[in-house]
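Inspection log for the structure reproduced underneath, given as structure tokens.
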Amino acid sequence: MNLRHLEAFRAVMVSGSVTQAAQSLNLSQPAVSKMLADLEHQLGFQLFLRSRGSALTVTPEADAFFYEVERSFSGIAALKRVAEDIRNMATGTLRIAALPALAVSFLPRVIAAFRETHPGVTIQLQTRSSSTVRQWMANQQFDIGLATPARELPGIRMERFLRCPGACVLPAGHRLAAKDVIRPADLEGEPFISLALEDGVRHRIDRIFEDAGVHREMVIETQYAMTICALVMQGVGCSILNPVTAADYAERGLTVRDFAPEVHFEYMLFTPMLRPMSQVAAAFIAMLEAHRDAMFGAEAG
């Protein structure tokens with residue numbers, strides 16, 4: 001018994017005629033008759049009573065068998081719909097883990113755009129520190145991870161996603177707001193809100209000011225860029241931050257200026273190595289890269 005035999009039987013049951021069934025299946029009438037005979041032989045009971053010049057008579061056994069065949073075909077139709085949804089990325093789940101610098105401002109824009117083209121995909125977004133994101137990815141718990149660089153870890157692929165120069169952020173109306181580019185000497189004696197010591201960029205920023213012989217008044221140290229932006233907007237001090245978060249807060253009134261010499265912020269894209277990447281994850285990464293290039297230029301990747 002194969003699917004073609006069952007299709008022929010179902011077509012005859014639905015149409016009530018071997019001739020019409022043959023037409024619907026694009027087969028000859030003898031071919032359909034042979035399929036029915038083969039099916040009856042395999043089943044061990046008669047499906048139709050045949051008499052010359054009369055329509056087929058359906059046996060009670062055929063009625064009982066047809067009920068199960070219809071159930072099977074409904075299941076096959078459902079499987080085809082599921083396969084089509086998967087192929088067209090109309091369904092699925094995408095799990096993303098990201099550090100706050102990208103999860104708070106950059107990722108929501110990308111997710112909104114992705115949802116417009118793939119509304120059936122469920123997205124889970126977890127925001128944690130870079131070390132936690134990297135550990136989750138090493139444990140194969142997420143499809144995509146965005147975090148700061150680290151040594152190579154087993155079980156994950158790591159590639160540079162974004163490298164961009166930091167920006168100087170100032171309270172509204174600050175005396176340096178008229179400058180297009182802020183230099184270390186401009187911040188002599190200024191209240192400064194610094195990234196936490198565990199942040200790799202913190203050390204590069206400190207070195208720039210040390211090399212320039214500039215003293216800042218270190219008033220606060222904190223881990224997250226969005227917290228620094230909120231403090232700067234309250235007039236607590238100034239800072240040097242990743243431009244992604246700075247640009248988001250510029251829309252809310254934060255003064256953002258270029259800083260020289262450049263200090264670069266770098267973010268990596270992590271994917272699990274121990275399982276294949278889904279079509280949904282690949283499509284989302286393509287959209288991530290498109291938004292990155294639109295915002296910073298392709299050379300930032």
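Here are the numbers:
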{"quantity": "Number of the exception - MET233 against (1) open to solvent by less than 40 Å² (accessible area, probe 1.4 Å); (2) closer than 15 Å to VAL169 by Cβ; (3) touching a Leu at 6+ places or on another chain (Cβ under 9 Å)", "calculated": "(1)"}
{"quantity": "Hits in segment 236-269 - residues which are open to solvent by 50 Å² or more (accessible area, probe 1.4 Å), in a loop (DSSP other than H, G, I, E, B) and either among the small types (Gly, Ala, Ser) or in contact with a strand residue (DSSP E or B) (Cβ under 8 Å, 6 or more places away or on another chain) (or both)", "calculated": "VAL236, GLU262"}
{"quantity": "Close pairs from segment 198-224: first free of Cβ contacts under 8 Å to residues at least 40 places away in the same chain, partner open to solvent by less than 30 Å² (accessible area, probe 1.4 Å) and in a helix (DSSP H, G or I), Cβ under 7 Å, at least 6 apart", "calculated": "PHE209/PRO184; ALA212/PRO184; VAL214/PRO184; VAL214/LEU187; ARG216/LEU187; ARG216/PHE209; THR222/ILE228"}
{"quantity": "Segment 272-293 residues that are closer than 21 Å to PRO119 by Cβ, paired with ones that are open to solvent by less than 20 Å² (accessible area, probe 1.4 Å) and aromatic (Phe, Trp, Tyr) (beta carbon under 7 Å, 6 or more apart)", "calculated": "PHE284/PHE114; MET287/PHE114"}
{"quantity": "Residue pairs meeting the criteria (Cβ under 7 Å; at least 6 apart or on separate chains; first surrounded by fewer than 14 Cβ atoms within 10 Å (Cβ to Cβ), in segment 141-157; second modelled with pLDDT of 85 or more and in a loop (DSSP other than H, G, I, E, B))", "calculated": "GLY155/GLN140; GLY155/MET273"}
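Residues checked against (1) open to solvent by less than 70 Å² (accessible area, probe 1.4 Å); (2) of a type outside the set (Gly, Ala, Ser); (3) in contact with a His (Cβ under 8 Å, 6 or more places away or on another chain); (4) farther than 17 Å from HIS264 by Cβ:
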| residue | (1), (2), (3), (4) |
| --- | --- |
| ALA113 | yes, no, yes, yes |
| GLY166 | yes, no, yes, no |
| VAL169 | yes, yes, no, no |
| ASP199 | yes, yes, no, no |
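The values are calculated or read from the model by the stated rules, or taken from the named source; none is laboratory data. Note that the structure is predicted; figures quoted are calculated from it, not measured. Methodologically, a virtual Cβ is constructed for each residue, glycine included, from the backbone with ideal geometry; neighbour enumeration extends over all protein chains shown. Protein only, heavy atoms only, side chains kept; ligands, DNA and RNA dropped before computing areas. Shrake-Rupley method; radii C 1.70, N 1.55, O 1.52, S 1.80 Å.
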